[in-house]
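K.L.:
Just passing along the structure, written as structure tokens.
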Amino acid sequence: MNTANIITLARKHLANNPVTEGSARWCLADAMAAQDGKQDGAARMWALKSMAYSIGGFHADYQAASK
């Protein structure tokens with residue numbers, strides 16, 4: 001899965017967990033800024049971190065994105 005797809009998936013799950021939504025939003029903003037700065041590795045990392053906050057590391061979408 002490419003970085004743009006991971007960011008889109010992170011955006012889809014952004015509000016899944018109201019308790020950690022702020023952290024997920026912060027990470028997603030960093031992912032988008034890194035993508036704009038042509039820092040693909042950093043963008044991917046921040047998008048995955050956003051998903052970890054919103055859906056957790058055991059969710060099927062997170063597992064698919066992290067491969």
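The values are calculated or read from the model by the stated rules, or taken from the named source; none is laboratory data. Small disclaimer: the values here were computed from a predicted structure and weren't measured. Because the Cβ atoms are built from the backbone with ideal geometry, glycine has one as well, and the counts that use them run over all protein chains shown.
K.L.:
Considering only segment 13-40, state which residues are charged (D, E, K, R), touching a residue at least 12 places away in the same chain (Cβ under 8 Å) and out of contact with any Lys or Arg (no Cβ under 9 Å at 6 or more places or on another chain).
P.N.:
21, 25, 40
K.L.:
Consider segment 49-67. How many of its residues are among the hydroxyl-bearing types (Ser, Thr, Tyr), over 8 Å from the mean Cα position of the chain (by Cα) and surrounded by 19 or more Cβ atoms within 10 Å (Cβ to Cβ)?
P.N.:
3
K.L.:
Out of contact with any Pro (no Cβ under 7 Å at 6 or more places or on another chain) and at pLDDT 95 or above, is that true of residue 24?
P.N.:
yes
K.L.:
Report, by residue number, each residue of segment 22-48 that is exposed (fewer than 15 other Cβ atoms within 10 Å of the Cβ) and among the charged types (D, E, K, R).
P.N.:
36, 38, 40 - these are the residues of segment 22-48 that are exposed (fewer than 15 other Cβ atoms within 10 Å of the Cβ) and among the charged types (D, E, K, R).
K.L.:
Here is a further query. Do you know which of the residues in segment 1-37 that are more than 11 Å from the chain's Cα centre (by Cα) and among the polar types (S, T, N, Q) is nearest to residue 49 (Cα to Cα)? So that I can check it myself, show each step before the final result.
P.N.:
Of all residues in segment 1-37, those more than 11 Å from the chain's Cα centre (by Cα) come to 1-2, 15-22, 33-37.
Restricting the remaining residues to those that are among the polar types (S, T, N, Q) gives 2, 16-17, 20, 35.
On the way: 2: 15, 16: 14, 17: 14, 20: 11, 35: 15 Å.
Per the stated criteria, the residue is 20.
K.L.:
Just to be sure before I move on: is residue 54 on the phi < 0 side of the Ramachandran plot, touching a residue at least 40 places away in the same chain (Cβ under 8 Å) and of a type outside the set (A, V, I, L, M, F, W, C) in the structure I sent? Full working, then the answer.
P.N.:
Numbers: on the phi < 0 side of the Ramachandran plot: yes; touching a residue at least 40 places away in the same chain (Cβ under 8 Å): yes; of a type outside the set (A, V, I, L, M, F, W, C): yes.
The answer is yes for residue 54.
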